[in-house]
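Q: So that we are looking at the same thing, I have put the structure below in structure tokens.
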Amino acid sequence: MPEQIRIGNRTVGNGHPTFIIAEIGINHNGDLDIVKKLIDAAVDAGCDAVKFQKRTPELCVPPEQQSVIRDTPWGEMTYLSYRHRIEFNLDQYRQIDRYCKKKNIDWFASCWDPPSVDFIKNFDPPCYKIASATLTDIDLLHHVRKNKQPIILSTGMSTMEEIRKAVAILSQGDLLIAHTTSSYACLHEELNLLMIQALQAEFDFPVGYSGHEKNILPSCIAVALGACFVERHITLDCSMWGSDQAASLEPKNFKRLVSDIREVEIVLGDGVKKVYKTERPIMAKLRNGCRLVG
């Protein structure tokens, strides 16, 4: 059976309600007002946590791309300048931290480089996230693992051998593994949700699902297949500018996602066969005078 792990004040794993993460990511476009609206939407939907992305642009943007000119909502600028434009500084993250505490929701981040890990450490996050893109960054994995908090490992665009190597490094502490396909928006034929059970069979860690599809059903199926946490991108409007917006859920649909997941948990039951109270009158009527033969 998969191990159970504490994230904040929640236990995540077999037998516990699905831990639901609203990934704000970079859908805020560098605007704190948008961040607060997205946090409000996540709280209203009933999410357990919101997640951000933290990068040091000089380290994460390849040198050959840093001077490339991009069209942005703020006009033309280099890709490096754009990456700086959407990164929050220490004071802004302090505001985010205060707002999440006020709204009573946990927050954490996927950290794409060691300085970003150290930056987020200032806020004592309940866990860290390793993005699929950095699963093979051995130095980063070791740096994150120095912390005591649980780590969520996303496994998109990775081979099983690469996943095994990452797990070997990260398994010295609390670890959760997320099945995902790193396409935005992901085609249904590439979701491969049975990988949730394949990862459960191979690793003795809680397994969840990070979805990038446009709709809700696959994430609910993931829960039915045993995913103990679900992460989906949240946006105020899918037509907003940004690379992740189209694969995100707007507040109304995110609220429906949470409701549907809770319904899936109810209908799955506990796997123990029983005769329910509501069945007894029917049993008395339909089995009257009947007896087992053989």
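Q: Rank the residues Ile86, Ile196 as a footprinting-exposure proxy: fewest other Cβ atoms within 10 Å of their Cβ go first. Present the calculation step by step, with values, prior to reporting the outcome.
A: Numbers: Ile86 19, Ile196 23.
With the sparsest Cβ surroundings first, the list reads Ile86, Ile196.
Q: Mind scanning Lys36/Lys214; Lys146/Lys252; Lys129/Lys273 and naming the pairs with a C-alpha gap bigger than 31 Å?
A: Beyond 31 Å between Cα atoms: Lys146/Lys252; Lys129/Lys273.
Q: May I pose another question? Given Cβ point charges of +1 (Lys, Arg) and -1 (Asp, Glu) and nothing else, what value in debye, to the nearest 20, does the dipole of the chain about its Cα centre take?
A: 1500
Q: Using DSSP, restrict attention to beta bridges with both residues in the chain and report what percent are antiparallel, rounded to the nearest 5.
A: The answer is about 20 percent antiparallel.
Q: Placing +1 on the Cβ of each Lys and Arg and -1 on the Cβ of each Asp and Glu in the chain, which of Ser243, Tyr128, Ile266 has its Cα farthest towards the positive end of the resulting dipole?
A: Ile266
Q: Hey, another quick one. For Rg and Dmax of the Cα atoms in Å, one of (i) 22.6, 86; (ii) 21.4, 85; (iii) 18.2, 56 was computed from the structure I shared and the rest are decoys. Which label?
A: Of the listed options (i) 22.6, 86; (ii) 21.4, 85; (iii) 18.2, 56, (ii) comes from this structure.
Q: To continue, here is another question. I need the peptides 53-65, 167-179, 224-236 ranked by packing, meaning the mean over residues of other C-beta atoms within 10 angstrom, with the highest value on top.
A: Numbers: 53-65: 15.0, 167-179: 19.9, 224-236: 22.9.
My ranking of the peptides, most packed first, is 224-236, 167-179, 53-65.
Q: Around Asp174, with a cut-off of 11 angstrom between Cβ atoms, what is the net charge of the other residues, counting Lys and Arg +1 and Asp and Glu -1?
A: Net of charged neighbours comes to +2.
Q: For segment 2-143, build the charge dipole from Cβ charges (+1 Lys, Arg; -1 Asp, Glu) around the Cα centre, then report which of Ile69, Cys111, Phe52 sits farthest towards its positive end.
A: Positive-most Cα among the choices belongs to Phe52.
Q: Under the definition of Cα pairs under 8 Å and six or more residues apart, what whole-number percent is the relative contact order of the chain?
A: 20
Q: Add +1 for every Lys or Arg and -1 for every Asp or Glu among the other residues with Cβ under 13 Å from the Cβ of Arg262, and state the total.
A: -2
None of the figures in this text is laboratory data; all of them are computed from the coordinates on show. Keep in mind that what you see is a predicted model, and the values were worked out from it rather than measured. Don't worry about glycine lacking a Cβ; one is built from the backbone with ideal geometry, like all the others, and counts go over all protein chains shown.
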